Amino acid sequence: MTTVKVRRKIRLALVSSMAQHAGPICVIGAGIIGTSAAFHLVESGARDVVVVDAGQPLSGTTPAGAGFVARFGADHNRRLGPCTVPLQDYGLAFYRRLHESGADLEFADNGNLVLARTSTMLDTMTEGILRHPDVASGTRLLDADGVAEVTLGAVDPAVVAGGIYMPEGIQVTTELAQHELITRLESAGVQFHWETPATGVRIVDGAVSAIETNEGTIEASTIVLAAGAWTQSLLASVDRRLPLIPMVATRFVSEPAGLSPLMPTVQCLELNLWLRELHGAFSWGGSFSYRLLSALIEDGLEFGYGRPVSSVLLDAQDEHREQIAEVFPALSGLSASETIQGIPVYTVDGGLYLGPVPGIDGLWALAGDSESGITHGPGMGKLVAQLIMNEQPFADPTPFRLDRVDPASYPDEASMVAAMAEDRIAKVANLS
Ligand SMILES: Cc1cc2nc3c(=O)[nH]c(=O)nc-3n(C[C@H](O)[C@H](O)[C@H](O)COP(=O)(O)OP(=O)(O)OC[C@H]3O[C@@H](n4cnc5c(N)ncnc54)[C@H](O)[C@@H]3O)c2cc1C
């Protein structure tokens, strides 16, 4: 059979599976990933798109996100893998496009700095980032004075060895980005059902036909699960499972610190830290204030939808402040003027899930954000929209398939956590 005939056959199969039942394309979850999916479905010509969310607008994990966006896959020290780089490039271009079209995202293109306190770590970072085949042009090694210069005095050069500066990195305010997408979708006629928890997916003859919600049934020809930390329970409603590890993470915004708005986003493995400037203050956090959601619930955390509040983690972060201030002196003594927590979801292999749910026509899932949904949301949304609309995908979807990992190999969370041994937050997960 010629390539053209094979393509036509696949196309017909996809179109017929899409059209099996009547109704709109329904996206479950209006976080950055679900709204990105809806946005790109509309952009690809889908005429009838509905978004269902269990909560009020902006009530999920997304506004907790610190807003770092960079080419995190072009780093051998991370588990995301080079297959994610096209999605990161798309995310970088997408937020820039929104910003240039007049959206207020508090966008800044100051780059991303990976900081090293010791020369050993600097060597590891140099090897992993500068020698990576996908290294972006302009990525460069900085000595301690170079770090102080690029951070406009925020870092004490006496206590660091240097860093790797990735010039392409940008930063956005996550809540504003999500709000912008919701507003644009509403203007395009997309219907949102707020405070409408989906409880299950109705399947007829092996294909989706509707979403069941607390407010009744919504017909659907195609369903995209993008419910963040809650996706697992929706998959369970159709007897499917993915090895997913929800973790509560914390972000503090300090009192005003006089930081420069030109400062890059900063990450430091030795301090387990990420940190950036926000309105002159520090917006910061790290794995010292992360913990498995299951462990917190076991210890009495009450949690349904929305964002958790764990005072244990707030205290843990507070206790870490002076240690971070050894490198960022202006943080010393500054309390948090705002605290916000959310639930990133990790995967056993460090990658992302994006694709059809095996064995159920018309059901798709975007899951396992691996604490990088702000970066990957636009690319994940575009890729799934292209697959659903039968367009040529801009990136290879194969590495993101849901069936790349056998869930039976991970019967419980302990077995999933064990598989994270190489991850930067594995220590925290194992502590829980
Ligand atoms: C402290 C912190 C810092 C972070 N920093 C960064 C960063 O700098 N860069 C980066 O790339 N990523 C970062 N992340 C990760 C990023 O925030 C997440 O990956 C991203 O927000 C996940 O988006 P989402 O759409 O999957 O989830 P959410 O925003 O939680 O959206 C899911 C939505 O689904 C809805 N929902 C759930 N269940 C149902 C149901 N049954 N029916 C209907 N709706 C339902 C929820 O109400 C929610 O609105 C950070 C995360 C945290 C917590």
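Read-outs: derived from the displayed coordinates by stated rules, not from any lab. Just so we're clear, the structure is a prediction, and the values are computed from it rather than from any experiment. For neighbour counting, all protein chains shown are included, and Cβ atoms are generated from backbone atoms with ideal geometry for every residue, glycine included.
A few remarks follow.
- For Ser187 and Gln56, a Förster radius of 22 Å and the Cβ-Cβ distance give a FRET efficiency of 0.70, rounded to the nearest 0.05.
- Estimated inter-spin distance, Asp299 and Glu106, nm [label 7 Å along Cα→Cβ]: 2.9 nm
- Two-site FRET efficiency, Asp134 against Arg404, from Cβ-Cβ distance with R₀ of 35 Å, rounded to 0.05: 0.95
- Taking the three principal axes of the alpha carbon atoms in region 297-432, the coordinate ranges are 55, 33, 30 Å, sorted in descending order.
- For region 267-334: relative contact order, % (alpha-carbon pairs under 8 angstrom, 6 or more apart): 22 percent
- Once the Cα-Cα distance is subtracted from the 0.36 nm per residue extended length, the Asp239 to Glu326 segment shows a gain of 26.3 nm.
- Hydrodynamic analysis of region 118-243 uses the Kirkwood radius over alpha carbon pairs. Inserted into Stokes-Einstein at 20 °C and 1.002 mPa s, it gives a translational diffusion coefficient of 110 µm²/s.
- Taking the alpha carbon gyration tensor of region 238-362, multiplying each eigenvalue by 5 and rooting it gives semi-axes of 32, 18, 13 Å, largest first.
- Debye intensity ratio I(q)/I(0), log10, the chain, q values 0.10, 0.12, 0.14 Å⁻¹ (C-alpha model): -0.68, -0.98, -1.32
- Computed over the chain: relative contact order in percent, which uses C-alpha pairs under 8 Å that are six or more apart: 23 percent
- By the count of neighbouring beta-carbon atoms within 10 Å, fewest first, His320, His376, His76 end up ordered His76, His320, His376.
- Spin-label pair Val159-Ser415: with each label point 7 Å from Cα along the Cα-Cβ axis, the two points sit 4.4 nm from one another.
- Region 156-253: relative contact order in percent, alpha carbon pairs under 8 Å with at least 6 residues between: 15 percent
- Mean ellipticity per residue at 222 nm, deg cm²/dmol - from DSSP H runs of n ≥ 4 across the chain, formula -39500 (n - 2.57): -9000 deg cm²/dmol
- Taken over the alpha carbons of region 42-195 as equal point scatterers, the Debye sum produces base-10 log I(q)/I(0) values at 0.09, 0.12, 0.16, 0.18 Å⁻¹ of -0.39, -0.64, -0.96, -1.11.
- In this simple spin-label model, placing a label point 7 Å from the Cα along the Cα-to-Cβ direction at both Glu391 and Leu152 gives a separation of 3.7 nm.
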